[in-house]
Amino acid sequence: MSRALPKYNKRRVALIGSATALVLTGAVIAGSALAGESSKSGGDTNARTLASPGTITCPDVASQLPDIPASAQAEVDRNLTLLQTQIDEANKRLVDTVGQGGPNFVQNAILGPLEDKRIATVNRIATAIGRTAEKPQGLDALAPCTLNADGAAGAGEEAGAGEEAGAGDEAEATPSATATDAAGDAGQDTGDTGAGEDAGNAGVGTISCPDVASQLPAIPASAQAEVDRNLALLQTQIDEANKRLVNTVGQGGPNFVQNAILGPLADKRTSTIDRIAISIGRTAEKPQGLNSLAACTLTQ
């Protein structure tokens, strides 16, 4: 008995040790599983935090066009390419400006100006087709774009930088104006140059624009009413831009005023000035170089 007892105790100790090891192993496995769940949860959080700012999607214009006359094909193709360039540049700006501005920054600084540019471009397409065939109507409805995925603002969330550009607000552009407009559209998205470049919307100030009426030649009687209407529209555009300047004080980064107010205003003025030149050119020599009067400045 004296020898058997130690053996029994040894077996008992061994069994207890094995059971303890199993318990500890289970605890380690459970702890690892919980840690994995926590890590996974954290990963999901990080994925949400680092999610993309979204993607801008615009209606397809090419599929909505009628048969394109051969004489207009090159100009239409050029402007369809420009539409895609505008979307690409807007998506790049969306990435570059993550975290900037207030809740309406995307609408005011990106989607609104993009819509203005698309209106001008689709109008050029319609004009090119209309020279030798029936001009397509209603293409302006394809101008507004939306922000998808994780973006914070939809196209209609807030009346933004392009809200005043109605379906009839943009004009037919002549071939001579097309190249100028296309170049301006393609380069407009830089938003880092021009009047008010570094003027964030910290103060109100006033928007000043070159006077167009004083630079016009003699106006034919047949064009007088249309010219007067567009000159009045130029003043309305300035008044609306100054109102927006007041309403958006404190919003955006250092280039907010240029991107959301001065840039879109220049686009609208370019189209309106083109309409003035076209109306005069129907019965007299068309004035040249008026587009240089489109850009405005912010004075404090």
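Given the conditions (1) open to solvent by 60 Å² or more (accessible area, probe 1.4 Å); (2) part of a helix (DSSP H, G or I); (3) acidic (D, E), which single one is not true for E226?
If we test E226 against (1) open to solvent by 60 Å² or more (accessible area, probe 1.4 Å); (2) part of a helix (DSSP H, G or I); (3) acidic (D, E), just (1) comes out false.
Can you go through R269, R229, R244, R275 and tell me which one is at pLDDT below 90 and among the basic types (K, R)? First the steps, then the outcome.
On the way: R269 fails: at pLDDT below 90; R229 fails: at pLDDT below 90; R275 fails: at pLDDT below 90.
So the residue among R269, R229, R244, R275 that is at pLDDT below 90 and among the basic types (K, R) is R244.
Please work out if L231 is in a helix (DSSP H, G or I) and more than 20 Å from the chain's Cα centre (by Cα). Before the answer, list the steps.
Values: in a helix (DSSP H, G or I): yes; more than 20 Å from the chain's Cα centre (by Cα): yes.
For L231, the condition - in a helix (DSSP H, G or I) and more than 20 Å from the chain's Cα centre (by Cα) - is met.
Might you check whether a residue that is modelled with pLDDT of 90 or more and not in a helix (DSSP H, G or I) occurs anywhere in the range 69-84? Lay out the reasoning, then the answer.
Just the residues of the range 69-84 that are modelled with pLDDT of 90 or more, to begin with: 69-84.
Next, from what is left, pick out any that are not in a helix (DSSP H, G or I): 69.
Yes, the range 69-84 contains a residue that is modelled with pLDDT of 90 or more and not in a helix (DSSP H, G or I).
Being β-branched (V, I, T), assigned to a loop (DSSP other than H, G, I, E, B) and open to solvent by 20 Å² or more (accessible area, probe 1.4 Å) is the requirement here; does I238 meet it?
Details: β-branched (V, I, T): yes; assigned to a loop (DSSP other than H, G, I, E, B): no; open to solvent by 20 Å² or more (accessible area, probe 1.4 Å): yes.
Spelling it out, it is not the case that I238 is β-branched (V, I, T), assigned to a loop (DSSP other than H, G, I, E, B) and open to solvent by 20 Å² or more (accessible area, probe 1.4 Å).
Would you check if there is a residue in the range 85-94 being touching a residue at least 12 places away in the same chain (Cβ under 8 Å) and over 18 Å from T146 (Cβ atoms)?
Yes, the range 85-94 contains a residue that is touching a residue at least 12 places away in the same chain (Cβ under 8 Å) and over 18 Å from T146 (Cβ atoms).
So Q258 passes all but one of these: (1) at pLDDT below 50; (2) surrounded by 13 or more Cβ atoms within 10 Å (Cβ to Cβ); (3) more than 28 Å from V76 (Cβ to Cβ). Which condition number does it fail?
With (1) at pLDDT below 50; (2) surrounded by 13 or more Cβ atoms within 10 Å (Cβ to Cβ); (3) more than 28 Å from V76 (Cβ to Cβ) applied to Q258, the lone miss is (1).
Can you tell me how many residues within the range 84-123 are open to solvent by 10 Å² or more (accessible area, probe 1.4 Å) and farther than 16 Å from A260 by Cβ?
So the count comes out to 11.
In the range 279-300, which residues are in a helix (DSSP H, G or I) and hydroxyl-bearing (S, T, Y)? Before the answer, list the steps.
Narrowing the range 279-300 to residues in a helix (DSSP H, G or I): 279-281, 290-293.
Matches in the range 279-300: S279, S292.
The values are calculated or read from the model by the stated rules, or taken from the named source; none is laboratory data. In this text, all values refer to a predicted model and were calculated from it rather than measured experimentally. Positions of Cβ are generated from backbone atoms using ideal geometry, with glycine treated the same way; all protein chains shown enter the neighbour counts. For accessibility, only protein heavy atoms count, side chains too; no ligands or nucleic acids. Shrake-Rupley method; radii C 1.70, N 1.55, O 1.52, S 1.80 Å.
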